[in-house]
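Below: the structure, in structure tokens.
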Amino acid sequence: MSTHRSGPPAERAVSPVIGTVLLLAIVLLLVAISGAFIFELTEQRDPAPQASLNLEPIESSDDYRLVHRSGDNITGDQLRLLGVSDSDKLAGTTFTAGDTIRLTPTEETIRLVWEEQRPSSYTLATFDVTLSSSSSSSSASLSESVAFTGTSGGILNITEDGGSTSTISTIEDPTGLGPASDIDTDGTVEVPYVDSNGDIRLVETDDGSETLLANDSDVSGSAVQTTATRLAVGTWNGSDESVFFANENEDTLYRVTPGGSVSEVASPGNGVGAVVGPVDIDGDGTDELAFEDGSATVRYIDLSADDTADFETTGVTVGQNNGIGVGSVLDYDSDGSEDIVVSGTGNQIGFVDSTGSEYVQDTDLASGQLGSTKSPPTVADVDDDGSSEIVYVSNGADAPVPSNTTRYLDNIDNIDVSGDVISRNITDDAGSHITGGDTTGTT
């Protein structure tokens, strides 16, 4: 006897077909999703820009000028500069055709690396450069977190906010300072200073030994400027590493090299109160020699093609209440021209280039008080965060902070962003305020 079953065999026959269709649909769906995802990633990735870039040596300088000749715009946040002192020089900017930036090499090869999506990267350009003796690792160097100011009996060495302090004893109390560097190329760092006797000296930061560079007898018919002044250090117009200074009566700017004689640089008229030093203040790739004249106006000497000295002015007047208004140099806005950090006529911190000035306002502060400054101000990485701060001496307007307290401004590259700059006191490792010199300011 047989049994007839009509339902189950038919169901078993269609099950493989349905499974195959479902599997194919799933595969097609996954392929579509994957394709869309990959396409989206491809769309989001910025292609490496195509641009013509040149690296040119800057006359009378150890630096180089990077020139964008033509081609695509380059987003600075995606470009790393390897082999230079500031690898993020273009951060927050767009490098376009016609733009230039100034670079200080630290290696014999400079590479421009474009980052698409980390870790993916592409080398846009490679340049071989010649390192100067001042750029080589064998030269003496000073930590960027160090600042100096005058004090009773010598020069106060300040190493970082909340760090150590020490006094470098000097033969006489300094009345004016210059930037610290290995000026005499002996392998150690020196600080130049002038005292009330008109003696210009170098003091070694390691052992306190001193070298007399110049005095009143070296300045014919006049004397060395000793009050409300600033010394400068550098090379300019073919000179060796020199200390630049002003005289008191003859409206003349001088320089002297360690072991050499004093020579006259220029007599620009209207007085020379202090010297900033070699600075590319107009962004043309060649250093000018900047100074503050007898009317407290920031001026500079620009050499023409035949080495004729043209005396130019920024038209900016700075403070003169205790020390002198001009200080150190910093391209704070990365626009290719270097800015002179100044204490303004209202004793506020500002920046001056050939086109004018810009000052930090109370509304720019995220915290702290700006108050007023004594002068000159300087540039140092006192909080050791890898970027520069402006270091200055307060005049006591930041009550209850004592007068002559050293302070600094942080986030200075964002002074156009309201409420981003930070003002703080500099303290020693015991948490005490550090008192600075009101006539020497900081360097």
Assuming 0.36 nm per residue, please report the length gained on full extension of the stretch Ser70 to Glu264 beyond their Cα-Cα distance. 65.6 nm
With +1 at each Lys and Arg Cβ and -1 at each Asp and Glu Cβ, the charge dipole magnitude of the range 326-374 around its Cα centre, to the nearest 20 debye, comes out at 340
Long-range amide H partners of Gly277 with built H, under 5 Å: Ala290
So the pair-distance distribution of the range 51-128, from every Cα-Cα distance in 5 Å bins, comes to percents of 3, 15, 27, 30, 16, 6, 1, 0
Gain on full stretching of the segment that runs from Gln369 to Ser209 - 0.36 nm per residue minus C-alpha separation: 53.7 nm
Measuring from its Cα centre, the range 51-128 shows a charge dipole (+1 at each Lys and Arg Cβ, -1 at each Asp and Glu Cβ) which, in debye to the nearest 20, is 180
Quick one: what Rg and Dmax do you get for the range 146-425 from the alpha carbons, in Å? 17.9, 56
List every residue whose amide H lies under 5 Å from the amide H of Thr440, counting only residues 5 or more places away in sequence or on a different chain, with H placed 1.01 Å from N in the peptide plane. Gly150
Of Ser267, Leu289, Gly327, whose Cα points farthest to the positive end of the dipole of the range 267-377 (charges on the beta-carbon: +1 Lys, Arg; -1 Asp, Glu; origin at the Cα centre)? Gly327
Mind listing the phi-derived Karplus ³J(HN,Hα) values for the range 96-108, rounded to whole Hz, using 6.51, -1.76 and 1.60 with θ = phi - 60°, and x for any glycine or proline? 10, 4, x, 7, 9, 9, 9, 10, 10, x, 10, 10, 7
Go through the range 266-274 residue by residue and turn each phi into a ³J(HN,Hα) via Karplus (6.51, -1.76, 1.60, θ = phi - 60°); whole Hz please, and just put x for glycine and proline. 6, 10, x, x, 6, x, 10, x, 7
If you wrap the range 167-246's Cα atoms in a convex hull and average its projection over all directions, what's the area in nm²? 5.5
What are the ³J(HN,Hα) values, in whole Hz, obtained from phi via the Karplus relation 6.51 cos²θ - 1.76 cosθ + 1.60 with θ = phi - 60°, for each residue of the range 187-196 in sequence order, with x given for Gly and Pro? x, 10, 8, 10, 10, x, 8, 10, 10, 5
Taking the Cα centre of each part, how many Å lie between the range 52-89 and the range 178-219? 35
Kirkwood hydrodynamic radius, the range 219-352, all distinct C-alpha pairs: what's the number in Å? 14.9
14 Å reach of a label modelled at Thr227, 7 Å along Cα-to-Cβ, counting backbone N of the range 170-211: 175-176, 195-198
What residues qualify as long-range amide H neighbours of Glu389, i.e. H under 5 Å apart, gap of 5 or more or another chain, H built at 1.01 Å from N? Ala380, Asp381, Val382
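Just so you know, all these numbers are worked out from the coordinates, no wet-lab data involved. The structure presented is a predicted model; accordingly, all values stated were derived computationally and were not measured. When we count neighbours, we look across all protein chains shown, and the Cβ atoms used for this are built from the backbone with ideal geometry, even at glycine.
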